[in-house]
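Asker: Would you mind keeping the following structure in view while I ask a few things?
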Amino acid sequence: MKTDFLVIGSGAAGLSFALKAAERGTVTIVTKGEMAECNTNYAQGGICSVTYEPDTFEKHIEDTLVCGAGKCDRQAVELVVRRAPELIQDLIAWGTRFNKTPDGRFELHREGGHTEHRILHFEDLTGAEIERALIASVRQHPNITVLEHHFAVDLLTQHHLGEFVTRHTRNLTCFGAYVLNEKTHEIETMLARFTIVATGGCGHIYSSTTNPVVATGDGVAMCHRAKAKTENMEFIQFHPTALYNPGEKPNFLITEAMRGFGAILRLQNGEEFMDKYHPMKSLAPRDITARAIYREMTRRGEDFVYLDVTHKDPETVRTHFPNIYEKCLSVGIDMTKDWIPVTPAAHYSCGGVRVDLHGQTSIKRLYALGETSCTGLHGANRLASNSLIEAVVYADEAARHAIERFDRVGFQEGIPDWDFEGTQHTEEMLMLIRSKREVQSIMSNYVGIVRSNLRLERAMRRLSILFEETEELYNHTKPVRELCELRNMIAVAYLVIKQGMEIKESVGCHYNIDYQK
Ligand code: FAD
Ligand code: SIN
């Protein structure tokens, strides 16, 4: 199969890229589940953009840099912040609605680390609204083909032409991808002028995560195997306030916008505690808040703290957070009267496949966008609600860059079809599930909110056993989605641990007790 642009992933990054690129050529979007099954669809708080005074670009830039703990790339920050208003207009043109006040101005939320109200939102379902509008626009576009239940297995490079490839191979180029059609169980060769990896995050390498089940780090793993550069993988952001509801997976998120609205974190005995950790108290940057909660829970041997919004007007609480209100009611919590039990959960990967200001990876004709990428915007800790805007700004940059080069790029001939001579061991499915849980428990036990050199070494040793067992299985088994995901989770967990071992300091989301400040 040939397509001008092969887009892997159907979240905000992939879909907004597709809509731009489709003005120049044919676009094929492959996505491993239903189209709307993605992190984007679960985003609650909203999307950042400087909209009204007294907010300014300079303040948004400064908040992003402060949150990123000195590890942001200033050029990426400037790009995203300054282009945000324009891209918000694109989202609106595609049909996205944002809440407005009675006088017709956008209603702006505030979250941790923000010094101003600057988050546009649609109720507490902003991501679902953006995804709905993007899907509707993509479905109408004659140049875009969507293939659901298509799982990208690996990227095609010179390696598949039989050449010896290293990370330093000059002119390393991507020619498309091998994609597993989950209906026919066949692996299809998809050739493209440009390939875009927009496969979202990797929350499922941990036992507790706010991410939907598709977030297994496939894009980062594929790019790493293809020898693209990855960076900042150690900076896994834990959201401080996931609903504590044992047995529920993934964890339901209680948006940080609720703390922006005035909700207060309390210990189980009712005491406030965030003043001990940061002058912004419950609205401190996310890494600091998650660590403070972790520390208090560990000290007390407790599994959760409370979020208290009962002092606010009940009607306003219900209208601002209707989805969360309903969810809490369904588990017996009336948040206008009861405190909400919350606990941190893995939420966002600040690092990923290293890209330049055009979303280009270190491999030619290969772009990485959205949560899969490491643009440098987030540094060591992402400022809340900066990721959706990053996804659409870089999608736009990448589309322009690829379109400019379109006429100079063709399709690669001579790529062989997937070659497989083993057997399909479906009876090993149970083992795959167990191995996935082992990865999650290694990462949660040793590579969580608080780390140490010993814990990282231990994690690496345990992971290497799983790596060997899984590679053995992979080499003798016809790939199925579960096996590919397990393999990807192991690869991504490896990168988190390895890059965590390389950094000799505690910074942002990577807190190592051997380098305490
Ligand atoms: P996604 O939206 O995750 O899309 C990835 C797509 O890739 C999916 O369609 C998936 O099925 C597909 N895919 C994955 N692997 C493969 C494969 N091998 N083959 C084919 N397809 C594949 N950010 C904000 O800015 N504001 C918020 O308020 C906010 N709230 C959040 C709340 C929650 C609960 C979560 C989980 C995240 C939140 N975030 C928020 C983060 C933000 O939602 C994500 O970072 C962003 O949506 C990522 O978009 P994306 O397009 O990169 O990836
Ligand atoms: C939230 O609504 O708290 C999540 C925002 C984000 O992750 O950016």
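The values are calculated or read from the model by the stated rules, or taken from the named source; none is laboratory data. For clarity, every value in this text was computed on a predicted model and none was experimentally measured. Note that each Cβ is placed from the backbone with ideal geometry, even for glycine, and that neighbours are counted across all protein chains shown. Just the protein is used for accessible areas: all its heavy atoms, side chains included, with ligands, DNA and RNA removed. Shrake-Rupley method; radii C 1.70, N 1.55, O 1.52, S 1.80 Å.
Asker: Can you give the calculated 222 nm mean residue ellipticity of the chain, where each DSSP H run of n ≥ 4 adds -39,500 (n - 2.57) and the sum is split over every residue, rounded to the nearest 500 deg cm²/dmol?
Answerer: -11500 deg cm²/dmol
Asker: Turning to a different aspect of this structure: Considering only protein heavy atoms, what per residue accessible area in square angstrom results for the chain with a 1.4 angstrom probe? Present the calculation step by step, with values, prior to reporting the outcome.
Answerer: Details: 20100 Å² over 517 residues.
Computed with neighbouring chains in place, this is 39 Å² per residue.
Asker: Would region 381-517 count as rounded, prolate or oblate if I go by the C-alpha gyration tensor, calling it rounded below 1.5 in a/c and otherwise prolate when a/b exceeds b/c, oblate otherwise? Intermediate values should be presented prior to the final figure.
Answerer: Details: a/c = 2.40, a/b = 1.08, b/c = 2.23.
Oblate.
Asker: Computed FRET efficiency, Cβ-Cβ of K498 and I92, R0 41 Å: what is it to the nearest 0.05?
Answerer: Approximately 0.45, to the nearest 0.05.
Asker: What translational D, rounded to a whole number of µm²/s, comes out for region 20-166 from Stokes-Einstein when the hydrodynamic radius is the Kirkwood one over Cα pairs, at 25 °C and 0.890 mPa s? Can you show the working numbers first?
Answerer: On the way: Rh = 18.0 Å.
D = 137 µm²/s.
Asker: Please label the shape of region 297-354 as rounded, prolate or oblate, based on the square roots a ≥ b ≥ c of the eigenvalues of the alpha-carbon gyration tensor (a/c under 1.5 means rounded; beyond that, a/b larger than b/c means prolate, else oblate).
Answerer: Details: a/c = 2.57, a/b = 1.42, b/c = 1.81.
Cα axes put region 297-354 in the oblate bin.
Asker: If only Cα atoms are counted, what is the Rg of region 1-65, and what is its Dmax, in Å?
Answerer: For region 1-65, the Cα radius of gyration and maximum Cα-Cα distance read 16.5, 52 Å.
Asker: Give me the number: length gained by fully extending R170 to E404, i.e. 0.36 nm times residue separation minus the C-alpha to C-alpha distance, one decimal in nm.
Answerer: On the way: separation 234, 0.36 × 234 = 84.24 nm, distance 2.21 nm.
Extra length available between R170 and E404 comes to 82.0 nm.
Asker: Take the alpha-carbon centre of region 94-136, take the same for region 253-325, and report the distance between them in whole Å.
Answerer: For region 94-136 versus region 253-325, the Cα centre distance is 22 Å.
Asker: Quantify, in whole percent, the carbon and sulfur part of the accessible surface of region 68-189 (1.4 Å probe; protein heavy atoms only). Intermediate results must be reported in sequence, preceding the final value.
Answerer: Values: 2750 of 5570 Å².
So the carbon and sulfur contribution to the accessible surface is 49 percent.
Asker: Less than 10 Å Cβ to Cβ from F235, Lys/Arg counted +1 and Asp/Glu -1: what total charge do the surrounding residues give? Could the numbers behind the result be given before it?
Answerer: Details: positive: K71, R382; negative: E231, E234, D287.
Summing Lys/Arg as +1 and Asp/Glu as -1 gives -1.
Asker: Can I ask one more? Could the peptides 85-91, 212-218 be put in order, highest first, of the mean number of other beta-carbon atoms found within 10 Å of their residues? Display every interim value, and only then the final one.
Answerer: On the way: 85-91: 16.9, 212-218: 24.4.
Those peptides, ordered most packed to least, come out 212-218, 85-91.
Asker: Can I ask one more? Note down the nm distance, to one decimal, between modelled labels 7 Å out along Cα→Cβ at E182 and at V66.
Answerer: Calculated label separation equals 4.3 nm.
Asker: Leaving out ligands, DNA and RNA but keeping every protein chain, what accessible area does F420 have, in Å² rounded to the nearest 10, with a 1.4 Å probe?
Answerer: Number for this one is 60 Å².
Asker: Expected output is a single nm value to one decimal: the length gained when fully extending between E248 and E58, i.e. 0.36 nm times separation in residues minus the C-alpha distance. What is it? Provide the component values of the computation, followed by the final result.
Answerer: Working: separation 190, 0.36 × 190 = 68.40 nm, distance 4.08 nm.
Result for the pair: 64.3 nm of gain on full extension.
Asker: Ordering K100, K227, K20 from largest to smallest accessible area (1.4 angstrom probe), what's the sequence? Intermediate results must be reported in sequence, preceding the final value.
Answerer: Values: K100 115, K227 60, K20 40 Å².
Sorted descending by solvent-accessible area, the residues read K100, K227, K20.
Asker: With +1 assigned to the C-beta of every Lys and Arg and -1 to the C-beta of every Asp and Glu, and no other charges, what is the dipole magnitude of the chain about the Cα centre in debye, to the nearest 20? Don't skip to the end; give the middle numbers.
Answerer: Working: 58 positive and 69 negative charges, 183 e Å.
Dipole about the Cα centre, nearest 20: 880 debye.
Asker: With the full set of protein chains in place, find how many percent of the accessible area of region 193-302 is carbon and sulfur; take the probe as 1.4 Å.
Answerer: Details: 1690 of 3440 Å².
For region 193-302, the apolar C and S fraction of the accessible surface comes to 49 percent.
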